[in-house]
Amino acid sequence: MNTFARDPKGYYAILGLAPGADLSAIKSAYRSRVKNVHPDLNASRRAREEFQRLMEAYAVLKDVVQRAEYDTTGREILEENDEAISIPMACSACGSVTAQPRYVVYHTVRSFLVWAKTGRLEGIFCRACADRSAVRASIISWLWGWWSLPGLLLTPLALARNLLGGSKPRHENARILVRQGRAFLARGDMEIARSLAVQASRFARLPDDCAQVQDLLHATRTISDSRRLKGRWRLGGGVFLAQALPLVALPVTVAVFVLIALKPWDKPVSTSGNISMRPASVGEIRHVAIEGLKVRMAASPGAPVLTLLDRFTTVEVVAETASPEWVHIRTPAGVDGFVETRSLYAGSGGRFKTQWCGENRGSPPSAGEVLTRRVSGDNRLLVHNEGRRDGVVKLKTLAGNTVTSFYVPATYHIGIGGIPEGTYRIEFATGAKFSRGCSIFLEEMQSAILPVTLTFKALTPTSVRSMTRIAEISLVPAPEEPIQPQPLSVDKFAADD
């Protein structure tokens, strides 16, 4: 048997709604209509009559039990001897009569960046429709609930409440079950009526509800409790697992992302902490842990220095030494020498350098900021960076020593002064997230060299007065320009004097 909402008294019509509208739509329509017909705002007789009808309709439709009664029988209140009492209430979602109805409220959360809005999916459901409504409410919260700070707090609560079966208000469910029990009792289905009375007793707390439950239990006293209906509202089943698994997986997923971000298994040894020395093995790869490490000719603090190594330089252990405090290494340039064991850490230096550079990134440089200046002068240079990435320009002597370097953001045209006389190579790098600690870009770094040299020389006063142009370079020349940048290795660009 199916029963569907109807509107014999026009309660839905006066609110401008279709029969079967939910509570949120009813409340919204009421607030909208009452503003136009309230006696304080509209003194006409027709408005007063419409206001009375509106209040009568709202009083019935806002009450979940009376609304269900009205949808089922076309009456809002039934007496004990009313013939319509034999018509059971139907599920508000599918319209099918259920022997174990429940009024259930499922919770939703929708986020709007800075705030979150909670909502409800509610109705008198059979178990199948309740499961579908629970999944729907949880999906809404999963998709829309996380995108604000309040949503991060409210969404897990809503998901957990839906997982545990939603909210089942005691008073409404006691009334519904008693009403359903009376309907089946009037039809002669004593076992169902008895089962509904027992179920209603679990919800009844108010004196009136308890009294109605006792009346229904007394009317069905001849039925043994052992013949009750099997409860269909216990937790479990496929729908429960479908909601539980993502909720259980959420903290696991967060923990995995935290571990990936922190990488506790991959922390380099701090150069400022106590150093524990371990004898080096032949063929082992290590990297320099201090700046300006001296490679000596012999395993002695007073031995002649062969070369200096920068921090994070990767070296190879080539032979054993008599003392564990010294290690015989070979540098990337092929120089063999001795260094102190405590100045080397295990592993290649590339990975540790990247992390160290990120931790010592510092504040972003300003437009035109001079990063390095070893010599000053009176010459000027105009630099155009029409690309989409920030750039660092270095003027180096022909011997490879950096004289000055400066920062040119994307789309900027910067004039740089204080350049001394001389002939310079022009090297530049582009990228994102510049690190002051390493003078490199941490992301998308590319370096190049212009295949020309730039010469500044002293001019006579007459020449100075006649000079009308300032030297210019472009980091992103047009394709038809004859002078195009040539690729340069990042290590060579970062190498300094």
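Here, each number is a calculation from the coordinates, and none is a lab measurement. Just so it is clear, the structure is predicted and the values come from calculations on it, not from any experiment. A quick note on method: Cβ atoms are made from the backbone with ideal geometry, for glycine too, and the neighbour counts reach across all protein chains shown.
Here the spin labels are modelled as points 7 Å beyond Cα on the Cα-Cβ line, and at residue 13 and residue 355 they lie 7.6 nm apart. Checking the Cα-Cα distances for 35/117; 27/168; 263/294; 294/396 against a 28 Å cut-off, the pairs over it are 263/294.
Placing dummy labels 7 Å off each Cα toward the beta-carbon, the span from residue 303 to residue 247 is 6.8 nm.
The Cα atoms of segment 343-384 give a gyration tensor whose axes a ≥ b ≥ c have a/c of 1.5 or more with a/b greater than b/c, which makes the shape prolate.
Measuring between their Cα centroids, segment 162-226 and segment 126-151 lie 29 Å from each other.
The length gained on full extension between residue 164 and residue 191, counted as 0.36 nm times the residue separation minus their Cα-Cα distance, comes to 6.9 nm.
Projected onto their three principal axes, the Cα atoms of segment 4-159 cover extents of 50, 45, 21 Å, largest first.
A cut-off of 5 Å between modelled amide H atoms, ignoring neighbours fewer than 5 places along the same chain, links residue 122 with 106. Placing a pseudo-label 7 Å from each Cα along the Cα-to-Cβ vector at residue 291 and residue 233 gives an inter-label distance of 7.2 nm. Under the shape rule built on the C-alpha gyration tensor, where the axes satisfy a ≥ b ≥ c, segment 277-391 is prolate, since a/c reaches at least 1.5 and a/b is greater than b/c. Across segment 365-497, the convex hull enclosing all Cα atoms gives 112 Å³ per residue. Magnitude of the charge dipole for segment 285-354, about its Cα centre and with charges confined to Cβ atoms of Lys, Arg (+1) and Asp, Glu (-1), is about 200 debye. Pairs from the table (394/457; 353/492; 62/230) lying more than 26 angstrom apart at Cα are 62/230.
When exposed loop sites are taken as GluC sites (Glu not before Pro) in a DSSP loop with at most 10 other Cβ atoms within 10 Å, the longest stretch of the chain clear of them is 81-479. Look at where the Cα atoms of segment 367-408 and of segment 83-109 average out, and the two centres are 77 Å apart. Segment residue 452..residue 202, full-extension length gain: 81.0 nm, with 0.36 nm per residue of separation and the alpha-carbon distance subtracted.
Local charge sum around residue 325 (other residues, Cβ-Cβ under 9 Å, Lys/Arg +1, Asp/Glu -1)? Summing Lys/Arg as +1 and Asp/Glu as -1 gives 0. Calculated on the Cα set of the chain, radius of gyration then Dmax: 40.8, 125 Å.
Near residue 318, the amide H atoms lying under 5 Å from its own belong to 283, 328, 329, 330; only residues 5 or more places off or on other chains count, and H is placed 1.01 Å from N. Amide H contacts for residue 96 (H built 1.01 Å from N in the peptide plane; partners 5 or more residues away or on another chain; cut-off under 5 Å): 91. Shape class of segment 1-61 from the alpha-carbon gyration tensor: prolate, with a/c at 1.5 or above and a/b greater than b/c. Per-residue Cβ neighbour counts within 10 Å put 147, 326, 233 in the sequence 233, 147, 326, beginning with the fewest. Annotation: extensible slack from residue 56 through residue 240 equals 62.2 nm (criterion: 0.36 nm per residue apart, minus Cα-Cα distance). Computed from the C-beta positions of residue 495 and residue 24, the FRET efficiency with R₀ = 51 Å rounds to 0.15.
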